[in-house]
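Here the structure is laid out as structure tokens; the discussion comes afterwards.
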Amino acid sequence: MDKQEGSTLTYSYVDSQRLQEAFFSNLEEKTPPKKKSTLLKISVVLISIFIISILLFILNYELIILPRSGPNYQKNISSLFNENILKSLKLLNADKRLMKKGESSVYLSIPPGEKLTMKFDFKKPINLHTNILTFWIKKTNIPLNMDIIVKDTGFFSNAQNPKTLKIKKNDNSVYTKIPVYFENLASAKVNLANIKQMKIYLYHKPYKEKTPLTNNDMYYWGKNWLLIKDIILSKKGDK
């Protein structure tokens, strides 16, 4: 092999090395963008799922913003939701979906044309002669009527003449305080110092008995809601 042939081989080798570095190194450098593209696709899918989930939540549920602080419990004030006072709380309507009870509050959906009935049974008789009942209520979209019937240990009640209140529309974010006084009940036989049971009726006028609600009814009527944050028993004269 002469020098010319050796030079030719040397140049060919160098050229092949250059070609390899030029093309194959570029292919290796183009690999990371494929990974970035995959990550981008995954991110788009996750964001889409998140957005769809939010939309489904908004369409099926109603967001209620509640104040962080509730009623201010002072001396001589007791909550009727306290397990030491309340024996049971039941919704007497056939459709139990109308009431959802939390640890210290009750959420109610009130259909137009129907009367919602809750029954409170107490472990020990409560005294409504020297005490006041106060409802702490979150807003309702439309005005409501509330009737209250109490029954004493002798089974006398004011069922013929319920205590009637009107709950006005309230668009504020705070709770509405509604005190209830039971003096001058039409039935003088009721012993207010020994009340063992209470029934609360919530309704729009006029009302009538209805068949159980469908899912569509629940979605529409769920807009007419009421949240009872608490019902407290306090001495007369206390705030």
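The values are calculated or read from the model by the stated rules, or taken from the named source; none is laboratory data. Just so we're clear, the structure is a prediction, and the values are computed from it rather than from any experiment. Note that each Cβ is placed from the backbone with ideal geometry, even for glycine, and that neighbours are counted across all protein chains shown. Quick note on the areas: whole protein, heavy atoms, side chains included, nothing else; ligands and nucleic acids left out. Shrake-Rupley method; radii C 1.70, N 1.55, O 1.52, S 1.80 Å.
Taking packing as the residue-averaged number of other Cβ atoms within 10 angstrom, the listed peptides 89-98, 149-158 run from highest to lowest as 149-158, 89-98. Each 5 Å bin from zero up to the one holding the largest Cα-Cα distance in region 97-149 carries the following percent of pairs: 4, 10, 23, 28, 18, 11, 5, 0.
Ordered by solvent-accessible area of protein heavy atoms (1.4 Å probe), largest first, the residues Ser105, Ser43 come out as Ser43, Ser105.
Among the listed pairs Lys196/Lys236; Lys119/Lys205; Lys101/Lys123; Lys100/Lys177; Lys123/Lys199; Lys100/Lys151, which have their C-alpha atoms separated by more than 23 angstrom in this model? From Lys196/Lys236; Lys119/Lys205; Lys101/Lys123; Lys100/Lys177; Lys123/Lys199; Lys100/Lys151, over 23 Å: Lys100/Lys151.
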